[in-house]
1. Please build a GNM for chain B, connecting alpha carbons under 10 Å apart, and tell me which residue among B:271, B:71, B:58 fluctuates the most.
2. What residues qualify as long-range amide H neighbours of residue B:428, i.e. H under 5 Å apart, gap of 5 or more or another chain, H built at 1.01 Å from N?
3. Looking at chain A, what % of its DSSP beta bridges pair antiparallel, to the nearest 5?
4. Assuming R0 = 51 Å, what is the FRET efficiency of residue B:156 and residue B:430, from their Cβ-Cβ distance, to the nearest 0.05?
5. Just how far, in whole angstrom, is segment B:184-234 from segment A:281-359 if you go by their alpha carbon centroids?
6. Using a Gaussian network model of chain A whose springs link C-alpha atoms within less than 10 Å, name the residue from A:340, A:228, A:437 with the highest mean-square fluctuation.
7. Could you pull out every one of the aspartates and glutamates with an alpha carbon less than 12 Å from that of residue A:439, ignoring same-chain neighbours closer than 8 positions?
8. Count charges around residue B:67 for me, please; just the other residues with Cβ under 13 Å from its Cβ, Lys/Arg as +1, Asp/Glu as -1.
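Here, each number is a calculation from the coordinates, and none is a lab measurement. If you're wondering where the values come from, they're calculated on a predicted model, not measured in any experiment. Neighbour counts are summed over all protein chains in view; Cβ atoms, including those assigned to glycine, are modelled from backbone coordinates with ideal geometry.
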Protein chains: 2
Amino acid sequence: MSKNNCLLREKVALAKAASLKLAQTASSIKNSALRSASEAILKHKEELLDANRNDMVAAKAQMGQGKLAEALVNRLKLDDIKVMEISKMVSNVADLEDPVGRIVYSTKMDEGLDLYKITVPFGLIVTVFEARPDALPQIASLCIKSGNSVILKGGSEATESNRAIFRVLEETLTDKGLPKGCLQLVEGREAVGSLLKMDNMVDLVIPRGSNEFVKFIQDNTRIPVLGHSSGICHIFVDRNADLSKAVCICTDARVQYPAACNSMKILLVDAAGAERLLLPIATNLVEGGVRIRGCSRVMTMLKRNKIAAEPADESDWSTEYLELTLPIKIVEGIDDAIEHINRYGSRHTDSIITEDKEAARRFISNVDSSTVIHNASTRFSDGYRYGLGAEVGISTNKVHARGPVGLEGLVTTKYVLLGSGQKVGDYVGKNAKPFLHGKVDTDLSRRL
Amino acid sequence: MSKNNCLLREKVALAKAASLKLAQTASSIKNSALRSASEAILKHKEELLDANRNDMVAAKAQMGQGKLAEALVNRLKLDDIKVMEISKMVSNVADLEDPVGRIVYSTKMDEGLDLYKITVPFGLIVTVFEARPDALPQIASLCIKSGNSVILKGGSEATESNRAIFRVLEETLTDKGLPKGCLQLVEGREAVGSLLKMDNMVDLVIPRGSNEFVKFIQDNTRIPVLGHSSGICHIFVDRNADLSKAVCICTDARVQYPAACNSMKILLVDAAGAERLLLPIATNLVEGGVRIRGCSRVMTMLKRNKIAAEPADESDWSTEYLELTLPIKIVEGIDDAIEHINRYGSRHTDSIITEDKEAARRFISNVDSSTVIHNASTRFSDGYRYGLGAEVGISTNKVHARGPVGLEGLVTTKYVLLGSGQKVGDYVGKNAKPFLHGKVDTDLSRRL
C-alpha cells in the first residue's frame, strides 16, 4: 500500500470513530460549535482572502492558456461579501432544527415491549464537490449538524481556499467540543478512487460536479450515492397557457442562470396553441440571447416570421445545454408532452404552463420527476427556495431522498425495541399472545 | 433478441404503462379489488390445491434424489388452512392505510406559490422470491396497494402453485378495475438477468432468498435494490443481565426458528458476568439441541462443567448458521461487544440483555444496525410484529428503507410546486423578494 493510501485509511478510520461520538453529541453543542465557526470565519477573513488570491492567480494563468472557463474562474473568487455570506450560512445551519433523534414511528407491541423508529445519522459521508469556496463550509456544516463525520474533497482549483477554510472550521469545531477527526480534508483524484472502494467504512457518497463525473461515481462504487447526473428539465406550454406567464417563465427558466441544473433545457409547445404562443415566447428568448434549435414544425413557423433558428436533431432532446441554447419541439397535446418528458428527461424538474387545471393535474400525476411544477419557473427547484435551509444537492434517486436534499436527507432511521424479557415463542403458534400495536409513551427518557 | 426476451420486454412495457394508471387509482378501488381477490382465492381453493399437489410431487422426487432439503419441501405445501391464511392476508393489506398521496412536507413559498412533498409509488417493481406459495400473494398485494406495478418471479419449485395463484389474482384485480398489465408473472433464471439490465424501466428490485442470491443481485444491477444479504444477529449478555431473561431470550432467539434471518447467530457474553451467566444459558441451549462452538475461554468453562462444545475459529464470527449451531464468545465488557458487532455483524438486528439502563443506552446508540433491542429476542424484528401489517422484506440499506419494510418503503416522494406565473428572477439579486416559507393549505383539492 502506498504512503498516501495509508494516510487516507488513517483519516477514514479517524472519521469513522468520530462519527460514533458525533451521533450522540447534543444539539446544543453542535449548534454552539457551528456558531463559533461562523464567527471564526469572519475573524480569519484576511487569511481566507490571501489563500483565495493564490488560487485566483493560478486559475487566471490556466484561463490564459485556455484550460479553464471564465465562468469557473469567477465562481472561484472570494471577497468580503462572500466571506460574510459564508459565515451567515454556517450560522443559519446552526439555527435549523436538529434532524437526529426524531421518532418517526412507534408502537406498543405489548406491555413492556415498545418499538421506536428513530432518525439517526448515516455515519461517515464522503463528499466530492466543485471548485467554489462556499461549497466546503456549506457541506461541512450540514453534515456536522446532522451528526455525520465527513470527508471533504474539493475541486483542485480551490485547493488553497479549501485548506484555509477547512483549517478554520476544523480547529474551531473540535475546540468547541466536537469529536476530533469528524472533519477530514483530502486532495487528489486518486483519493476519490480509493474512497469509493471503502464500502465497509463509508456510508454515503455525495458527488457534485459535471454529469460525467457523477455518472462515473455512480458506476464505480457499491456505496449508496446521493446525487443526479444531469438536469434535462422541460417546460411544456399547454394549449390553454396564459401567454404572458408563458413568455415570462420560459425566459426566466432558460436565461436567468443558464448553467444551473434546474434551468429549462428543452421547451415543448402544444401544437394546438403554437400559432398563438410560439412566436412571442421565441421572440423574447432570442432577445434574451438564446440560440433556438427547432423541430421541423418550429423551423417552419419561425422562418415564416424571420426569427433565427437552427434545425434540431434527435440528439438535442437528450442534451443538457448549459449555455443559452434551447431546443424547441411542437408536440401533439399533453400526452405527447408527458411521453416525451418521461422518455428523454432526467427526472429532475419539469413544469407545465396552463390555465387548465385538469391538464395540470394530469401532468403532475404522470410526469415521473423529482419536482413537477405548475405555472412557475423550473429554477425554483432548490433547497434554499424550498425552505430546507440549505441543500447538499438535488437527488434524482427514488430511493431515500428525492429532489432538493436538506438535513432530512442526511439521516436514516433505526428501529429501537425496548423489552422486558420477551421471547417470540409466546407470540406464535397455538395460544399465541396477540400484539397490541397500541399507543406508546414517546418520551424515551422516561422509558430508558 | 430471442423470442423469450421479446416476450419479457413486452411484459415489462405493459407493466410500466399500467403503473402510471395504477399510481392514480383511488384507494377505494384498490381496496375493493384486493378484497375481491381475497374472496376469489377461497373460491378457487381446489384449483390452487391441485396445482400445489403437482409441485409437491416434483419436489418430493427431488428430495428423494437429495436435491432438495426437507424444510424447503415442507414450506412449499399448501393446505386448507394455508389457503385461508393467504386469503386473510390479502384482505388485511386492503385494510391498511394507503401510503400514497400523503403530504410529508409543505410550505407557502410566496402568495400563489405553494410547495408540497407528496408520497408517490416507485412505478415498476421487480420481485424475486423463494419457493413458498404465500410469498406471491403477499408481495403482489403490497405492491398493488402501494400503487406499483410488479413483475413476480418465484422459486421454480413453486411454479404450478404460483401460476394458479397468479391467475386468480390477475383476473380478479383487473376485472375489478385495476389497469391491465399491472401484475406480471415471469419464469426462469434468464428472465432475472435480463430484468436487472432494464434500469431505464424498472424502479426497484426486491430480492428474497439465499444470501448469495441477494448479493448477486446487488452486484449486478444499477437498479436500486431493497433487501439484505445476511442476518448475522448477535445477543450480548451484559454483566448486569437478569439471568432468567438471558436464558429465556437466548434459547428463543436461537431455537424457535433457526433458519430465520432474525434468529441469533452469535452469542457474546460479558467476561465480568460469565461465571454467573454462561453455564445456565449454555445448558438451556444444549437442551434445546444447540451445538455450541466456543472461543477458548468459553471452551475452558464449558469443559470444566462437562458441557459439550467444539472450538470456534475466526470464520465462525462471520458465519450465518441457519441450523442449531451457535458460536459463543466471551468479550471484555460492552465496548468490546459493540466493536465486535459493528465489525462482524451484518447490521440486521442485535440485542443486549441487561438491567443496567446506561449500558442499554450505550448499546442502542453505538450498534449500527437496522434494529437494536433491549431485553427481548432478536426474533421480534419482523414487519408483522412491528405493526406494519405485512412486510416485503427486511432492509439493511441505510438509504430510503431500513429494517422491516412495509407499505411505507414501497413509496417515494415527489415535490409538487403550484405557482401562478412566478419567475426566479424576482427572488434573486438586489431587491429580491423574500420567500415566506409559511403555512399552506394542505387540502390539495382546493388548490388545484
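1. Comparing B:271, B:71, B:58 in a Gaussian network model of chain B, the most mobile one is B:71.
2. Close amide H contacts, sequence-distant or interchain: B:433.
3. The antiparallel fraction comes to roughly 35 percent.
4. Values: r = 68 Å, r/R0 = 1.34.
Given R0 = 51 Å and the Cβ-Cβ separation, E is 0.15.
5. 38
6. Answer for the Gaussian network model of chain A: A:437.
7. A:110, A:111, A:114
8. Numbers: positive: B:60; negative: B:70, B:157.
Value of the local net charge: -1.
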